[in-house]
Amino acid sequence: MPQQEMSFLKHLWGDLEVQISILTLYCSASFSEIFSYTACRQLSQMFLSIIFFHSSEYILALAVHGKSNVNLKSLLISPSYLAAMFFSLLEYLIEIVLFPGMKEYWWISYLGLVMVIVGEIIRKAAIITAGYSFTHLIRTNREENHRLITHGIYRFIRHPAYCGFFIWSVGTQIMLCNPLSMIGFAIVVWRFFAQRIPYEEYFLRQFFGSSYDEYARGVPSGVPFVK
């Protein structure tokens, strides 16, 4: 083999070794970011928040409505919800590898944690206060035990369960310092409730007439910009 070709191969191998070394260092740095204290804390808080939210929803549904009237839909896990959570996790992993400093704003992360806790308290207070009158599906026919709830947290918020979920869902993304998912969750969840509330209140007015009209005039919905 000519000396010139040997020299070229040596240079090529040397460049390849450098590239492999750089890639190894980058991968090591990436894994160190993913398994850093910040990532472990934020992701563990996220997973614990999700587990507690859905398991407590199911347990409360069992306690209020009985096992025969409750199914896995009471866990409130849908394909679109799973897709949203997957996207938020993907965003987190990409950002903590490429822009790890974004996740170090501890005061933003703790603000999100506070929102998660407040959202949980508001929603669970709504479920417990309403009791049998609370369901995950909108009632289109009035049942005998269905009452208009205006006491407790319902004195201040007309739809506290929706208010609580809105705060909770956006809070999970602030807790992760996920700017894209925070905006996306806020828009999607707000739009869902902006459509759901008028539809639900149509039936509530059918069930309770002027009593609901009077109640609705004096108490805000609890979802921003939704009357």
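Residues in segment 114-139 that are open to solvent by 20 Å² or more (accessible area, probe 1.4 Å), closer than 30 Å to Gln42 by Cβ and among the hydrophobic types (A, V, I, L, M, F, W, C): Val114, Met115, Ile117, Val118, Ile121, Ile122, Ala125, Ile128. The residue that is modelled with the lowest pLDDT, among those in segment 91-106 that are aliphatic (A, V, I, L, M) and surrounded by 13 or more Cβ atoms within 10 Å (Cβ to Cβ), is Val97.
Conditions (1) hydrophobic (A, V, I, L, M, F, W, C); (2) over 21 Å from Ile50 (Cα atoms), marked per residue:
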| residue | (1), (2) |
| --- | --- |
| Ile127 | yes, no |
| Phe203 | yes, yes |
| Ser221 | no, yes |
| Pro224 | no, yes |
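Test Ser88 against the stated conditions and say whether it is loosely packed, with under 15 Cβ neighbours inside 10 Å, within 30 Å of Phe166 (Cβ to Cβ), modelled with pLDDT of 90 or more and polar (S, T, N, Q). No; evaluated as a whole, the condition is false for this residue.
Would segment 55-78 turn up any residue that is more than 22 Å from Cys163 (Cβ to Cβ), under 18 Å from the mean Cα position of the chain (by Cα) and not aromatic (Phe, Trp, Tyr)? Taking every residue of segment 55-78 in turn, none turns out to be more than 22 Å from Cys163 (Cβ to Cβ), under 18 Å from the mean Cα position of the chain (by Cα) and not aromatic (Phe, Trp, Tyr). Pull up segment 140-185, narrow it to residues that are open to solvent by 30 Å² or more (accessible area, probe 1.4 Å) and among the charged types (D, E, K, R), then point me to the one that is nearest to Gly222 (Cα to Cα). Only one residue fits best here, namely Arg155. Taking the numbered list (1) closer than 20 Å to Met46 by Cα; (2) touching a helix residue (DSSP H, G or I) at 6+ places or on another chain (Cβ under 7 Å); (3) modelled with pLDDT of 95 or more; (4) not aliphatic (A, V, I, L, M) in turn, Tyr154 passes all entries but (1).
The values are calculated or read from the model by the stated rules, or taken from the named source; none is laboratory data. Worth saying up front: this structure is predicted, and the values here are computed from it rather than measured. Don't worry about glycine lacking a Cβ; one is built from the backbone with ideal geometry, like all the others, and counts go over all protein chains shown. The accessibility values were calculated without ligands, DNA or RNA, using every heavy atom of the protein model including side chains. Shrake-Rupley method; radii C 1.70, N 1.55, O 1.52, S 1.80 Å.
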